[in-house]
Amino acid sequence: MKNKNTSILKGLISDKKKVVIVPHTSPDGDAIGSSLALMHLLKNMGHTVNVLSPNQPPYFLKWSPGFEEIIYYEFDEEKCSKIINNSDLIFTLDFNDLNRIGELGNLVKSSSSKIIMIDHHQNPNDYADLIFSKPDIGSTCELLYEIITQLGYKELINSKIASCLYLGIMTDTGSFQYSNVTSRTHEIVADLIKNGVDQSEIYNKVYNDASKSKLKVLGCALSNLKQIKELNTAYMYLKRKDLKEFDFKKGDSEGIVNYGLSLKNIKFSVIFIEDFEVENKIKISFRSQGDFSCNKFANNHFNGGGHTNAAGGIDKGPIEEIINKFKEVINQYKEELTNN
Ligand code: 5GP
Ligand code: MN
């Protein structure tokens, strides 16, 4: 399968370029996996490549091949600015709106480089010169595999690239449990395993590398779990004082929201987490089963977005007030949450 965008991209990388790759803020497995996979591919083709991340990923991604090469805007604004101003191409991976990369977005917007978006979220913004946007594909890593194949570079996928792509597919599908998994996803994964992925090792590095603090934080969230039974909804919260008490580290709260969905009949699960540093900043994660759109809910009420079954958002105010607001607005969704 060939399309116009793929031909344009092939043209853009047909001679040696200075390339910048940017994942979204608080990058997850898909953002880091796709960014590093593309970095390895383009470096192997002879391009100069830098991955610039707005901030640090959680500790359980540190093993990813090429992780040590990532440069962080939060630690070195000047270096990032120089690299962007001196670049030819900027790839933005696993997001579709420059507000997802904070101040780094202004540098990207004002640069004269060609911008290429590769992403799988809904409603892409139009900041890019070339847009690969596929909301029906489960992960940016899966989409990137398809693009690499369409470019005719499949034979360049080595074990490092395969491991990075596998990381993003595994994490964005909840280890192949979500409805975004298709037979094509499994075909791709089969090919990645043929190319040297050790899938059991990657699972263990991502999910079985917790410190005691992670389990303590999980225990705290679960002990705060509340059900709104008439709306098939569950929610949890983590306050800053709890995070401090349990020696919270970035990444410790990842995935906790999914536990709400393990309850019988629960269709919608939400977690509210007070920011560790900024007063009254609340990060919210949404997960759903079936048709209920977390993306729409996050977008309508909590300045966020994402996918149908997984989204996030941010709000400002005391956590009690944000939870009260949630308990209020959720009533508007009774019909969607209770039809089967
Ligand atoms: P998480 O709850 O794991 O942080 O995020 C779940 C999904 O929602 C991810 O696909 C992520 O990209 C998206 N997401 C998380 N936070 C935000 C946000 O603040 N804004 C938008 N637009 N999407 C978000
Ligand atoms: Mn993703």
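The values are calculated or read from the model by the stated rules, or taken from the named source; none is laboratory data. Quantities reported herein were computed from a predicted structural model and do not represent experimental measurements. Heads up, the Cβs are rebuilt from the backbone with ideal geometry, glycines too, and the neighbour counts pull from every protein chain shown.
Any idea how many residues of the range 24-58 are within 16 Å of ligand 1 (Cβ to nearest atom) and either under 22 Å from Asn204 (Cβ atoms) or polar (S, T, N, Q) (or both)?
So the count comes out to 16.
Would you tally the residues in the range 118-135 being free of Cβ contacts under 8 Å to residues at least 40 places away in the same chain and either among the polar types (S, T, N, Q) or surrounded by fewer than 24 Cβ atoms within 10 Å (Cβ to Cβ) (or both)?
8
Taking the range 258-305 on its own, how many of its residues are under 19 Å from Asn232 (Cβ atoms) and within 16 Å of ligand 2 (Cβ to nearest atom)?
7
Name every residue in the range 291-329 that is of a type in the set (Val, Ile, Thr) and at pLDDT below 95, in order of residue number.
Going residue by residue through the range 291-329, those that are of a type in the set (Val, Ile, Thr) are 308, 314, 319, 322-323, 329.
Hit for the range 291-329 is Thr308, nothing else.
Could you say whether any residue in the range 306-315 is on the phi > 0 side of the Ramachandran plot and either surrounded by 15 or more Cβ atoms within 10 Å (Cβ to Cβ) or charged (D, E, K, R) (or both)?
yes
Name the pairs: first residue in the range 197-225 and part of a helix (DSSP H, G or I), second residue among the acidic types (Asp, Glu), Cβ to Cβ under 7 Å, at least 6 apart or on different chains?
These pairs meet every condition: Ser213/Asp247; Ser213/Asp252; Lys214/Asp252; Val217/Asp252; Cys220/Asp242.
Tally up the residues in the range 4-44 that are modelled with pLDDT of 95 or more and either away from ligand 2 (no atom under 16 Å from the Cβ) or outside the structural domain of Leu167 (by TED's automatic domain parsing) (or both), please.
Counting residues in the range 4-44 that are modelled with pLDDT of 95 or more and either away from ligand 2 (no atom under 16 Å from the Cβ) or outside the structural domain of Leu167 (by TED's automatic domain parsing) (or both) gives 22.
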